[in-house]
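The values are calculated or read from the model by the stated rules, or taken from the named source; none is laboratory data. In this text, all values refer to a predicted model and were calculated from it rather than measured experimentally. Here the Cβ is made from the backbone with ideal geometry for all residues, glycine too, and neighbour counts use every protein chain on show.
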Ligand code: F6P
C-alpha cells in the first residue's frame with residue numbers, strides 16, 4: 001500500500017447540521033494521529049472541476065466550528081462531474097463528462113485519498129470515482145436518513161428536532177382555532193423525517209411516500225376526532241408522498257439546469273380536503289429550516305465519530321468503503337452496497353406498527 005501523505009475532503013449535495021463536526025474530526029484525526037496534510041475542496045465536486053477552489057486545512061481552521069450548522073467548505077447539488085451541466089453564452093445547455101479531468105486534478109493535487117461526505121447523489125459519484133481508481137472513503141450525511149447500510153445519517157436528528165418543535169407550535173394554534181394544520185416536511189422519497197416527527201409531535205395523520213394515501217381515510221379520521229370533541233387535527237405530510245393512483249408533486253422552476261425539487265403536496269392535499277370537510281385548513285411548509293441550525297449533541301457526536309473513523313479507514317487502505325453506524329458501533333460497509341438502493345421505511349417496521357397502535361392515520 002502506498003504511504004498516505006495528503007488527503008482531500010469535500011462536502012457534496014444538500015447541507016445538513018453536523019457537516020462541520022465531521023470536517024473537524026477528519027482534520028484533527030488526520031493531523032494528530034497520522035501527520036497527514038488535509039486539503040479542503042470547496043463546493044463539493046465543483047471544487048475539483050473549477051480552479052482555485054482548494055485550500056489546506058490546519059487545526060486552526062477547524063477550531064470553534066463544532067456547533068456551527070452548514071459546512072465551512074461550501075457545497076452544491078449541481079456539480080456531477082460525470083454529467084456536468086453548463087450554460088453557454090448563447091443560452092445553450094451542454095452536459096459533459098468531465099470525470100477524467102477531475103481524476104487528473106486529484107493527481108495534480110497529490111491527493112493519496114479523498115473523503116467524500118455526502119448523501120445518496122454524492123456517494124454515488126464517489127463510488128464511480130472509486131471504480132475509476134480513485135481511493136475514496138465515504139461518510140453518509142442527510143436529513144432524509146435514506147442511505148442504506150447505516151442505522152442513521154448525521155443531520156437527521158437535528159432536522160427531526162426542528163420539525164418536532166414546529167409541530168408542537170402548530171398544535172396550540174390549531175387547537176385554539178379548531179383548524180386542520182398540514183405540515184409538509186422534507187425527506188425526498190423516504191418517510192423517516194415525517195414519520196418520526198409526526199410521532200414525536202403527536203400528529204393525528206402522517207402521510208409518507210412508502211404508503212400512497214387515500215384522502216377519504218384522512219377525512220374519516222378528522223370526522224372521528226370531531227365526534228370526540230377534538231375539533232382540530234395535525235397532518236404531517238412528507239414532500240415525496242403521493243395519493244394512491246396519483247403522482248408526486250414537484251415545484252416548478254424556470255431554470256432548466258436545476259434538479260427537480262419535490263414540494264407542494266401539502267397545498268394539494270389541503271385543496272382536495274377542503275372539498276370534503278368544513279374545517280379551516282392551513283398549510284405550513286417547513287422547507288430549508290430543517291437543514292439549518294446548530295447540530296444536536298447526537299449529530300455532533302455521530303459526525304465526530306464518522307469523521308475520525310473515515311480517517312482510520314484511509315490509514316488502513318480501505319477504499320471503496322463508507323463509515324456506518326450499527327447499534328452502538330461505528331463500522332464500515334462497501335460503498336457499492338450503500339448506494340445500491342435508498343433506505344425507505346419498511347412497511348413492517350416498528351415505527352409504523354406503533355403509529356397504528358396509537359390510532360394515527362397513515363392514509
Ligand atoms: O436531500 C436533502 C433535501 O433537503 C431533501 O429533503 C429535499 O428534497 C432537497 O434536499 C432539497 O434540495 P434543495 O436544497 O436543492 O432545494
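Kindly check whether there is at least one residue in region 312-324 that is in the same structural domain as residue 179 (by TED's automatic domain parsing), farther than 26 Å from residue 67 by Cα and surrounded by fewer than 20 Cβ atoms within 10 Å (Cβ to Cβ). No, region 312-324 has no match at all. Annotation note: of 250, 216, the sole residue that is within 16 Å of the ligand (Cβ to nearest atom), modelled with pLDDT of 95 or more and in the same structural domain as residue 187 (by TED's automatic domain parsing) is 250. Mind checking whether some residue in region 264-281 is loosely packed, with under 13 Cβ neighbours inside 10 Å, within 16 Å of the ligand (Cβ to nearest atom), under 30 Å from residue 222 (Cβ atoms) and assigned by TED's automatic domain parsing to the domain that holds residue 216? Checked against the condition, which is being loosely packed, with under 13 Cβ neighbours inside 10 Å, within 16 Å of the ligand (Cβ to nearest atom), under 30 Å from residue 222 (Cβ atoms) and assigned by TED's automatic domain parsing to the domain that holds residue 216, region 264-281 yields no hits at all.
Per-residue answers, yes or no, for (1) part of a strand (DSSP E or B); (2) at pLDDT 95 or above; (3) touching a helix residue (DSSP H, G or I) at 6+ places or on another chain (Cβ under 7 Å):
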residue	(1), (2), (3)
50	no, yes, no
55	yes, yes, no
71	no, yes, yes
75	no, yes, yes
101	no, yes, no
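The residues on offer are 229, 187, and the sole one that is in a loop (DSSP other than H, G, I, E, B) and within 24 Å of residue 302 (Cβ to Cβ) is 187.
Please verify whether region 67-83 includes one or more residues that are surrounded by fewer than 22 Cβ atoms within 10 Å (Cβ to Cβ) and more than 24 Å from residue 292 (Cα to Cα). Yes, region 67-83 contains at least one residue that is surrounded by fewer than 22 Cβ atoms within 10 Å (Cβ to Cβ) and more than 24 Å from residue 292 (Cα to Cα). If we scan region 147-159, do we find a residue that is without any contact (Cβ under 8 Å) to a residue 40 or more places away in the chain and part of a helix (DSSP H, G or I)? No, there is no match, as no residue in region 147-159 is without any contact (Cβ under 8 Å) to a residue 40 or more places away in the chain and part of a helix (DSSP H, G or I).
Scanning region 38-63 for residues that are surrounded by fewer than 19 Cβ atoms within 10 Å (Cβ to Cβ) and more than 29 Å from residue 97 (Cα to Cα) turns up 58, 59, 60, 61, 63. Taking region 16-42 as the range and being out of contact with any helix residue (DSSP H, G or I) (no Cβ under 6 Å at 6 or more places or on another chain) and within 16 Å of the ligand (Cβ to nearest atom) as the test, only 19 passes.
Look at region 177-204: where a residue is more than 17 Å from residue 281 (Cα to Cα), no partner that is buried (at least 24 other Cβ atoms within 10 Å of the Cβ) and at pLDDT below 95 sits 6+ places away or on another chain with Cβ atoms under 6 Å. Inclusion of residue 121 among residues that are part of a helix (DSSP H, G or I) and surrounded by fewer than 21 Cβ atoms within 10 Å (Cβ to Cβ) is warranted. The set of residues in region 163-212 that are within 12 Å of the ligand (Cβ to nearest atom) and either under 26 Å from residue 70 (Cβ atoms) or at pLDDT below 95 (or both) comprises 163, 184, 185, 186, 187, 188, 189, 190, 191, 192, 193, 194. Scan region 145-155 and tell me whether some residue there is out of contact with any strand residue (DSSP E or B) (no Cβ under 6 Å at 6 or more places or on another chain) and surrounded by 24 or more Cβ atoms within 10 Å (Cβ to Cβ). Scanning region 145-155, I find at least one residue that is out of contact with any strand residue (DSSP E or B) (no Cβ under 6 Å at 6 or more places or on another chain) and surrounded by 24 or more Cβ atoms within 10 Å (Cβ to Cβ), so the answer is yes. When the residues of region 285-308 are filtered to those that are surrounded by fewer than 22 Cβ atoms within 10 Å (Cβ to Cβ) and away from the ligand (no atom under 16 Å from the Cβ), which remaining residue is farthest from residue 173 (Cα to Cα)? Per the criteria, the residue is 308.
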